[in-house]
1. Look through the stretch 132-150, keep the residues that are touching a Pro at 6+ places or on another chain (Cβ under 8 Å) and within 17 Å of G77 (Cα to Cα), and return whichever of them is surrounded by the most Cβ atoms within 10 Å (Cβ to Cβ).
2. Identify, from the list N86, N162, the residue that is exposed (fewer than 15 other Cβ atoms within 10 Å of the Cβ) and either in contact with a strand residue (DSSP E or B) (Cβ under 6 Å, 6 or more places away or on another chain) or at pLDDT 90 or above (or both).
3. Which residue pairs have Cβ atoms closer than 8 Å, lie 6 or more positions apart in sequence or on different chains, and pair a first residue in the stretch 75-91 that is under 13 Å from H40 (Cβ atoms) with a second residue that is among the acidic types (D, E) and buried (at least 19 other Cβ atoms within 10 Å of the Cβ)?
4. Which of (1) outside any helix (DSSP H, G or I); (2) aliphatic (A, V, I, L, M); (3) modelled with pLDDT under 75 is the odd one out, the single condition A110 does not satisfy?
5. Would you mind finding the one in D22, D13, D54, D72 that is surrounded by 16 or more Cβ atoms within 10 Å (Cβ to Cβ) and among the acidic types (D, E)?
6. Quick check, is L127 modelled with pLDDT of 50 or more and in a loop (DSSP other than H, G, I, E, B)?
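The values are calculated or read from the model by the stated rules, or taken from the named source; none is laboratory data. Model, not experiment: these values are computed from the prediction. Cβ: placed from backbone, ideal geometry, glycine included. Neighbour counts: every protein chain shown.
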Amino acid sequence: MAVLTQFNSQAADAALARSAKDGSRAAFGALYERYKPMVHAILLAHVPYTDAEDLMQTVFMQAMQRLPGLRDAEAFGGWLAAIARNLAFDYFRQRKNLVEIDKLDQSHAARSHSYEAEVALAAIRRLPEAYRETLMLRLVEGMTGPEIAARTGLTPDSVRVNLCRGMKLLRGQLGGSHE
């Protein structure tokens, strides 16, 4: 049943992507609503929390501009994720000479009322690339494993492995010993 639901979701997303490519703003708006948690999580995996919201808007603006070049509507989620990752990497290339990210995260966390959340986000950002985004999608955006697979194009097994291994590493970083 979950596989059928995932297939229906991907088919619906592909239909929306085709409509958006043909100029439907309503279809693009629906894609925005469906994919904004994924884009937000990808950005949070790479950039400071305070900048993720602005960058998310930029990702969708770039996607709208580049939509005519999307060859395969079924690949919309992966294509959008690539835009988000590239924008996050560009963000740091532009700012790498200004402030080291660890210093930025620490100074923001010291000012923040949600210190624990900042510590957790910083810990997730220190994890290997393969686990960061999957954990952000699960822990921050509240997406289920099948939802993550459907949105990102990863297989359900890959998502499960990434979540399991990522959580184990995260517990180790945060000092937990729950197995």
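1. Kept after step one, since they are touching a Pro at 6+ places or on another chain (Cβ under 8 Å), are these residues of the stretch 132-150: 137, 141-143, 145-146, 149.
Subset that is within 17 Å of G77 (Cα to Cα): 137, 141, 143, 145-146, 149.
Working: L137: 27, E141: 18, M143: 21, G145: 19, P146: 16, A149: 24.
Restricting to residues being touching a Pro at 6+ places or on another chain (Cβ under 8 Å) and within 17 Å of G77 (Cα to Cα), the top hit is L137.
2. Values: N162 fails: exposed (fewer than 15 other Cβ atoms within 10 Å of the Cβ).
Answer to the selection: N86.
3. Qualifying pairs under 8 Å: A81/E133.
4. (1)
5. Details: D22 fails: surrounded by 16 or more Cβ atoms within 10 Å (Cβ to Cβ); D54 fails: surrounded by 16 or more Cβ atoms within 10 Å (Cβ to Cβ); D72 fails: surrounded by 16 or more Cβ atoms within 10 Å (Cβ to Cβ).
Going through D22, D13, D54, D72 in turn, just one is surrounded by 16 or more Cβ atoms within 10 Å (Cβ to Cβ) and among the acidic types (D, E): D13.
6. Details: modelled with pLDDT of 50 or more: yes; in a loop (DSSP other than H, G, I, E, B): yes.
When the stated conditions are applied, L127 passes them.
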